[in-house]
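**Student:** Here's a structure for you.
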Amino acid sequence: MTTRHVATRDERTSFSAALKAATWRDHEAAESSPFMDALLEGDVTREGYAALLAQQLYAYRIIEDAAATMADDPVAGGFVADELHRVPSLERDLAALLGGGWEERISPSAATEAYCDRLREVCATWAGGFVAHHYTRYMGDLSGGQFIGRVVRRVLEIDEHSGAAFYHFERIGDVKAFKDAYRDRLDAAPWDLDERGRIIDEIRLAYRHNVAVLASMEPVPG
């Protein structure tokens, strides 16, 4: 049973820091699955990597559809940025890795379906929920995801034109500045302590869903 996070008064001035601290263990769990370990050690084939991208695609389609709905929200709209969108990159990667007819060759795992159900439930109806999942995905892609991308490009001998577009944010020139601005928006958002606690809880749930998705995948020896 998960203990409900209770926001502290300090989170009024640095929600982004409190959020990171409260979810750090969940973040580490998502990065230390057997599949990710195998991927980073070079023990996953292109097909295995494509299987990971396929599961990601289902989630990003929902988040990016929700972004169109949330763009006019007075709070959530500030986090919507077209330069973050990953669906076109994921589709290019899958076409490069799997070839023609790739979409007929992929399907969501049960864990991915559960994750997508949660995304549908909250991302287009609750600003805080949208931001929670938006933060989990994109800030992760711009942080640890950049290291993963470098490993994948080296080990699988691919680049952004042949299967590694997912981690290549060509429209973001200064990643650090972008992330800093994102954290500033989190700190400035007019959420009270209870709402901040709910958002942290949702981020922790997002990490658990991601752990489940990764756990459903078997490393494919290279």
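The values are calculated or read from the model by the stated rules, or taken from the named source; none is laboratory data. What you see is a predicted model, and the numbers here were worked out from it, not measured in a lab. No Cβ is skipped: glycine too gets one built from the backbone with ideal geometry, and neighbour counts run over all protein chains shown. Accessible surface areas use protein heavy atoms only, side chains included; no ligands, DNA or RNA. Shrake-Rupley method; radii C 1.70, N 1.55, O 1.52, S 1.80 Å.
**Student:** So for each of 16-22, 59-65 I average, over its residues, the number of other beta carbons within 10 Å; can you give me the resulting order with the highest mean first?
**Tutor:** 59-65, 16-22
**Student:** With a point put 7 Å past each Cα toward its Cβ, work out how far Arg25 is from Glu104 in nm, to one decimal.
**Tutor:** It works out to 4.8 nm between the two label points.
**Student:** Now a separate question. Under a GNM of the chain (C-alpha, springs under 10 Å), which listed residue has the highest mean-square fluctuation: Glu104, Glu113, Glu41?
**Tutor:** Checking each option, the largest mean-square fluctuation is seen for Glu104.
**Student:** Now for a separate question. Modelled label-to-label distance, Ser143 and Val87, 7 Å Cα→beta-carbon offset: nm?
**Tutor:** Label-label distance for Ser143 and Val87, simple model: 2.6 nm.
**Student:** Can you bin the chain into rounded, prolate or oblate? Criterion: square roots of the alpha carbon gyration tensor eigenvalues sorted a ≥ b ≥ c, rounded for a/c under 1.5, prolate for a/b above b/c, oblate for the rest.
**Tutor:** prolate
**Student:** Enter the accessible area per residue of the chain (Å², integer; probe 1.4 Å; all protein chains in place).
**Tutor:** It amounts to 48 Å² per residue over the chain.
**Student:** Once the whole set of protein chains is in place, how much accessible area is left on Arg153, using a 1.4 Å probe, in Å² to the nearest 10?
**Tutor:** 70
**Student:** How large a share of the accessible area of the chain, in percent, is made up of carbon and sulfur atoms when the probe is 1.4 Å and the other protein chains stay in place?
**Tutor:** In the chain, the share of accessible area belonging to carbon and sulfur is 50 percent.
**Student:** Still on this structure, please answer the following. Using 7 Å Cα-to-Cβ label points, what is the Ala114/Ser162 separation (nm, one decimal)?
**Tutor:** About 3.8 nm, to one decimal.
**Student:** Name the shape class, rounded, prolate or oblate, that the alpha-carbon gyration tensor gives for the stretch 128-180, where a ≥ b ≥ c are the square roots of its eigenvalues, rounded holds for a/c under 1.5, and otherwise prolate holds if a/b is larger than b/c and oblate otherwise.
**Tutor:** prolate
**Student:** How about the stretch 127-222: which GluC sites (Glu not before Pro) there lie in a loop by DSSP and see at most 15 other Cβ atoms within 10 Å?
**Tutor:** Qualifying residues, ordered by number: Glu157, Glu170.
**Student:** In debye, nearest 20, what is the charge dipole magnitude of the stretch 70-175 about its Cα centre with +1 on Lys and Arg Cβ and -1 on Asp and Glu Cβ, if you could check?
**Tutor:** Here the size comes out at about 320 debye.
**Student:** In addition: State which helices in the chain qualify, where a helix is a whole DSSP H run, it must extend 15 Å or more along its own axis by its Cα atoms, and its mean Kyte-Doolittle hydropathy must be at least -0.5.
**Tutor:** 15-31, 46-70, 87-98, 110-122, 144-156, 193-215
**Student:** Given +1 on the Cβ of Lys and Arg, -1 on the Cβ of Asp and Glu, and no further charges, what dipole in debye does the chain carry about its Cα centre, rounded to the nearest 20?
**Tutor:** The calculation lands at about 400 debye.
**Student:** Give the calculated FRET efficiency between Ala215 and Ile172 to the nearest 0.05, with a Förster radius of 35 Å applied to their Cβ-Cβ distance.
**Tutor:** Computed FRET efficiency for Ala215 and Ile172: 0.70.
**Student:** Once every DSSP H run of n ≥ 4 in the chain is given -39500 (n - 2.57) and the sum is divided by its residues, what mean residue ellipticity at 222 nm do you get, rounded to the nearest 500 deg cm²/dmol?
**Tutor:** Rounded to the nearest 500, the figure is -19500 deg cm²/dmol.
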